[in-house]
1. Between segment 290-332 and segment 223-246, how far is it from one alpha carbon centroid to the other, in angstrom?
2. I'd like the accessible area for Asp56: 1.4 Å probe, protein heavy atoms, all chains in place, Å² to the nearest 10.
3. For the modelled label position 7 Å from the Cα of Glu234 along Cα-to-Cβ, which residues of segment 281-298 have backbone nitrogen atoms closer than 17 Å?
4. Taking only the alpha carbons of segment 277-339, what extent do you get along each of the three principal axes, in Å, biggest first?
5. Distance from the Cα centre of segment 43-63 to that of segment 141-179, in angstrom?
6. State the extension gain, in nm to one decimal, for the chain segment bounded by Gln294 and Thr325, taking 0.36 nm per residue of separation less the distance between their alpha-carbons.
7. If you stretched the chain out fully between Thr274 and Arg244, how much longer would it get, using 0.36 nm times the residue separation minus the C-alpha to C-alpha distance?
8. What are the ³J(HN,Hα) couplings of segment 232-237, residue after residue, when phi is run through the Karplus curve with 6.51, -1.76, 1.60 and θ = phi - 60°? Round to Hz, x for glycine and proline.
Amino acid sequence: MLFVPLPFVNALLLGLVFAMLRRSNSAATTGPFLLLIALCCLQSLLLGLRWGYDIDALRFALPVLAALLPPLAYESFRGLIDQSGPGVFRLAAAPLSAAAIAGLSLLAPQFIDGALLVLFLSYTLVLALLARSGPDGLDLARLDGAASANRAIWLAAACLGLSALFDLLILLDFERFGGAHAALLVSNANILSLLLIGLAALTAGRTQAETQEEPEKDVAVASAEDTEIVARVERLMTVRHIYRDENLNLSRLARRAGLPARQVSQAINRVAGTNVSRYVNDFRIGEVCRLLRQEGITVTEAMYRSGFSTKSNFNREFLRVTGTTPDAWRRADRQDVPA
């Protein structure tokens, strides 16, 4: 009977994740995330070949691929914040990391695990700092999914940290037990991390707007102007109904208002006491309720016409705003209507 290592199963699952993301958005907006998932899939496949079928030659390729993962993950998720153009250093981070590990494998292989540990821990910290900006910091993520994208960044940071922990365990295993448990740790322990990074990339990739626009420059503004800024944004909502655009993001909203993205975000935070995503979703839920009062309108139709793109986020936001489900709200509303 053919032996199928667990990493092969993980590679298959990641392949399905790749297909789901490829189908959900245009390649122009999801390219970095697709590449990240493909890398996780390839790494799982090679892990299965290396430890499941004892192909020793792959021991040189696996550390090099591992070195590509942290900088690629960072570059993918950073794409949700701005499109100002990656710097030369950031563009070169992935190939430089891989080249450094390849050089160590030839010249000083005993330092590879330590180098990977430092690399993964560094990018864990960088991703965590990226996630600290919250949903409003993701100005190129659709407002419908900004909160999910922010959670995906935290998940990716946790996965890189978990991989770093496994690298540390491998180092300790070689120190104390001569690497007796290294095969188990390498072949199975990182599987969960790779899969979760792939799922995080799927979640975040789906939140990208179909057309990403350049971000505004960060401009400080006096809080006295906040009320006028929010009034301008509210006119865009009530008169032009821009919340109906499922690809609406903070950058696009700010451009329509003729203001810097951070200025709009800060004004809404101060005046409305909430983040931009929830502020926009409040208008969307209001539109859904208006549509649900009409005959022949299904909940799903009302959801899409109001600007929501995923049922999970729609149900969560509807419950937050109304305290009930769409079907229950519709039944209660019809009972309140006089005969």
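The values are calculated or read from the model by the stated rules, or taken from the named source; none is laboratory data. In this text, all values refer to a predicted model and were calculated from it rather than measured experimentally. Ideal geometry is used to build each Cβ from the backbone, glycine not excepted, and the neighbour counts take in all protein chains shown. Accessible surface is based on the protein model in full, side chains and every heavy atom, while ligands, DNA and RNA are left aside. Shrake-Rupley method; radii C 1.70, N 1.55, O 1.52, S 1.80 Å.
1. 22
2. Probe radius 1.4 Å; accessible area of Asp56 about 70 Å².
3. Flagged as within label range: 281-287.
4. So the extents along the principal axes, rounded to whole Å, are 38, 22, 17.
5. Value for the Cα centre distance between the two parts: 20 Å.
6. Extra length from Gln294 to Thr325 when fully extended: 9.5 nm.
7. 8.8 nm
8. Result, rounded to whole Hz: 5, 5, 5, 5, 5, 6.
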